[in-house]
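Structure first, then comments.
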Amino acid sequence: MEQILFINACPREGSRTLELARHLLTKLDGTVEELALFEENLLPLNGKTLALRDKMTANQNFDHPIFKYARQFAKADTIVLAAPFWDLSFPSALKIWLEYVMAKEITFRYTEEGFPCGLCKAKELFYVSTAGGPVLPSHMGFSYVDALAKSYFGIPETVLFSAENLDVVGADTAAILARAKEEIDNDWRNHA
Ligand SMILES: Cc1cc2nc3c(=O)[nH]c(=O)nc-3n(C[C@H](O)[C@H](O)[C@H](O)COP(=O)(O)O)c2cc1C
């Protein structure tokens, strides 16, 4: 059975991003493990936790709890990441989680020449997002995760599903979301 890791970075009650992501999840075959980032009370890496992580890496103590998110990420077959468009990217909880996922010798390693090389099992990462206005100049949240996926984690395929203009005065939010779901349905048929 495929293991789908669902990263839920949607803090708002009635989140449209979460609604879209749940729609996508109905298309995927496998067991879904959900990680609700806003329930994790994530703290940014600091001097103390960085030193701890370096020590655990040097000792190859990869069972240590500091690596739990990295281990969970590395072994998933598919990643679904849902995050609203905040300040041209995504909520900071997602960045903090990524700091923990970026663990040398678990999710990636460096070659002797200093190039990153992915160690993750997943072949696909789906990024789901919604925005209040038009996404301009580009979705920097997705571009960033896309770069990490391809350059560091070794996840070759990334797909963005998004809905825009949801907070524009007079917007027909139901119609916008219905269209975004339809895009998922169409893309999904091409995928299968
Ligand atoms: C803190 C914050 C920052 C936001 N920044 C942007 C932004 O830069 N551009 C934009 O178009 N919408 C922005 N929005 C609006 C959200 O992207 C929009 O309401 C989105 O649909 C929220 O997703 P949700 O319903 O899943 O919470 C922001 C909203 C919040 C709360």
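The values are calculated or read from the model by the stated rules, or taken from the named source; none is laboratory data. Note that the structure is predicted; figures quoted are calculated from it, not measured. So basically every Cβ, Gly included, is an ideal-geometry build from the backbone, and we count neighbours across all protein chains shown. Ligands, DNA and RNA are excluded from the accessible area calculation, which covers all protein heavy atoms including side chains. Shrake-Rupley method; radii C 1.70, N 1.55, O 1.52, S 1.80 Å.
General observations
- The residues on offer are Thr158, Thr78, and the sole one that is in contact (Cβ under 8 Å) with a residue 60 or more places away in the chain, away from the ligand (no atom under 16 Å from the Cβ) and either open to solvent by 60 Å² or more (accessible area, probe 1.4 Å) or closer than 20 Å to Ile7 by Cα (or both) is Thr78.
- Of all residues making up the stretch 161-188, the number that are open to solvent by 40 Å² or more (accessible area, probe 1.4 Å) and in a loop (DSSP other than H, G, I, E, B): 7
- Checking Thr57 against (1) closer than 22 Å to Ala122 by Cα; (2) crowded, with 16+ Cβ neighbours inside 10 Å; (3) of a type outside the set (A, V, I, L, M, F, W, C), the condition it does not meet: (1)
- Taken together, the residues in the stretch 80-139 that are touching a Phe, Trp or Tyr at 6+ places or on another chain (Cβ under 7 Å) and of a type in the set (Ser, Thr, Tyr) amount to 6.
- Residue ID - most open to solvent (accessible area, probe 1.4 Å), chosen from residues in the stretch 1-18 that are within 16 Å of the ligand (Cβ to nearest atom) and part of a loop (DSSP other than H, G, I, E, B): Glu13
- Selection status of Pro134, under 22 Å from Cys10 (Cα atoms), free of Cβ contacts under 8 Å to residues at least 40 places away in the same chain and surrounded by fewer than 17 Cβ atoms within 10 Å (Cβ to Cβ): yes
- Of the residues Glu99, Glu40, Glu34, the single one that is open to solvent by 70 Å² or more (accessible area, probe 1.4 Å) and more than 26 Å from Gly133 (Cβ to Cβ) is Glu34.
- For the stretch 102-118, a tally of residues being open to solvent by 70 Å² or more (accessible area, probe 1.4 Å) and touching a strand residue (DSSP E or B) at 6+ places or on another chain (Cβ under 9 Å) returns 3.
- The requirement of being without any contact (Cβ under 8 Å) to a residue 60 or more places away in the chain and on the phi < 0 side of the Ramachandran plot is satisfied by Leu45.
- Residue check for Ser89: within 16 Å of the ligand (Cβ to nearest atom) and either open to solvent by less than 70 Å² (accessible area, probe 1.4 Å) or touching a Cys at 6+ places or on another chain (Cβ under 7 Å) (or both): yes
- Scan of the stretch 92-113 for residues that are within 16 Å of the ligand (Cβ to nearest atom) and not hydrophobic (A, V, I, L, M, F, W, C), ordered by number: Ser92, Lys95
- Unmet criterion (only one of (1) open to solvent by 30 Å² or more (accessible area, probe 1.4 Å); (2) within 16 Å of the ligand (Cβ to nearest atom)) for Phe126: (1)
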